[in-house]
Amino acid sequence: MEKEKKRVSVLFMLFSILFCVCLITANLLETKQIAAGPISITGGLLVFPVSYIINDCVCEVWGYRKARLLIWTGFAMNFFVVLMGALCDFLPPAPYWEHQEGFHAIFGLAPRIVGASFVAFILGSFTNAFVMSKMKLRDGSSRRFSLRAIVSSLAGESCDSLIFFPLAFAGVVPASEIPVLMISQILLKTFYEVLILPLTCRVVKVLKVREGEDALDEGISYNIFKILDL
């Protein structure tokens, strides 16, 4: 029985791969600023909220412990890509290669921004999973998933934005612009998740049937470092 608990299903593995791809893609797209009417958004906004949707699905179906494994796996894969990108950017280009400036713009992220991004991701993702898990325990069943998904994502994304923007841009972007950036990102990400919520609910329903899982996190440890506690 103990051995069974430590196994992961094929569907969980596929969701983990998609989660990692979304994080890495968002990190690369963050380097572009997009004009969206009167405000500017980062390219990462196109895909980053999907990682929170996956987080919600995993926590709802498989529970907080599997979500913890998912978050740390995503962190490790994202860190690897950033590290390899920085190393490649540092190495001297071939004499005939004329695109070093463009490559640097994408992969030569400042250590400050990288650090802010990783801290914000870890705290935001675990806030999302924690709120989702605790709300489901309070409800005592799988009812009101829509409410849990919205509230947990709003909490996680708020935590992410409130940490990332001051750490990454204080002293670089005018102080008056940082709150605008934070609030606009939180609202847009939340709107994104509300818009796609019917699909999220459908996916969760199918997963519960296919997996025979509907986790309720009773008596578990919420220590974020107990990665192998499945």
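Structure notes:
- Scope segment 37-55; condition free of Cβ contacts under 8 Å to residues at least 40 places away in the same chain and within 23 Å of LEU199 (Cβ to Cβ); matching residues: GLY43, GLY44, LEU46, VAL47, VAL50, ILE54
- Screening the candidates PHE48, PHE15 for the property of being modelled with pLDDT of 90 or more and not basic (Lys, Arg) yields one hit, PHE15.
- LYS208 vs. criteria at pLDDT 90 or above, farther than 30 Å from ILE34 by Cα and open to solvent by less than 50 Å² (accessible area, probe 1.4 Å): yes
- Residue count for segment 108-123 under the criterion of being in contact (Cβ under 8 Å) with a residue 40 or more places away in the chain and either of a type in the set (Gly, Ala, Ser) or more than 19 Å from LYS189 (Cβ to Cβ) (or both): the result is 6.
- Within segment 105-131, tally of residues that are surrounded by fewer than 15 Cβ atoms within 10 Å (Cβ to Cβ) and either assigned to a helix (DSSP H, G or I) or not hydrophobic (A, V, I, L, M, F, W, C) (or both): 4
- All of LEU154, LEU162, LEU181, LEU123 fail the test of being in contact with a helix residue (DSSP H, G or I) (Cβ under 7 Å, 6 or more places away or on another chain), modelled with pLDDT of 90 or more and within 17 Å of ILE41 (Cα to Cα), apart from LEU162.
- Each residue in segment 47-70 was checked for being aliphatic (A, V, I, L, M) and crowded, with 24+ Cβ neighbours inside 10 Å, and 4 of them qualify.
- Every residue from segment 82-104 that is within 15 Å of THR25 (Cα to Cα) and either of a type in the set (Gly, Ala, Ser) or touching a Ser or Thr at 6+ places or on another chain (Cβ under 7 Å) (or both): GLY85
- Scanning segment 17-41 for residues that are touching a strand residue (DSSP E or B) at 6+ places or on another chain (Cβ under 6 Å) and surrounded by fewer than 16 Cβ atoms within 10 Å (Cβ to Cβ) returns GLN33, ILE34, SER40.
- Residues of segment 17-35 that are touching a Ser or Thr at 6+ places or on another chain (Cβ under 9 Å) and among the small types (Gly, Ala, Ser): ALA26 alone.
- Conditions (1) touching a residue at least 60 places away in the same chain (Cβ under 8 Å); (2) open to solvent by 50 Å² or more (accessible area, probe 1.4 Å): number failed by PRO174: (1)
- Test: residue in segment 132-145 that is in a helix (DSSP H, G or I) and open to solvent by 70 Å² or more (accessible area, probe 1.4 Å): yes
- Close Cβ contacts (under 6 Å, 6 or more residues apart or on different chains) running from residues in segment 201-230 that are closer than 23 Å to GLY140 by Cβ and in a loop (DSSP other than H, G, I, E, B) to residues that are among the basic types (Lys, Arg) and open to solvent by less than 50 Å² (accessible area, probe 1.4 Å) comprise ASP214/LYS208.
- GLY44 vs. criteria under 12 Å from the mean Cα position of the chain (by Cα), open to solvent by less than 40 Å² (accessible area, probe 1.4 Å) and over 20 Å from ILE227 (Cβ atoms): yes
The values are calculated or read from the model by the stated rules, or taken from the named source; none is laboratory data. What you see is a predicted model, and the numbers here were worked out from it, not measured in a lab. Note that each Cβ is placed from the backbone with ideal geometry, even for glycine, and that neighbours are counted across all protein chains shown. Remember, those area values only see protein heavy atoms, side chains included, never the ligands or the DNA or RNA. Shrake-Rupley method; radii C 1.70, N 1.55, O 1.52, S 1.80 Å.
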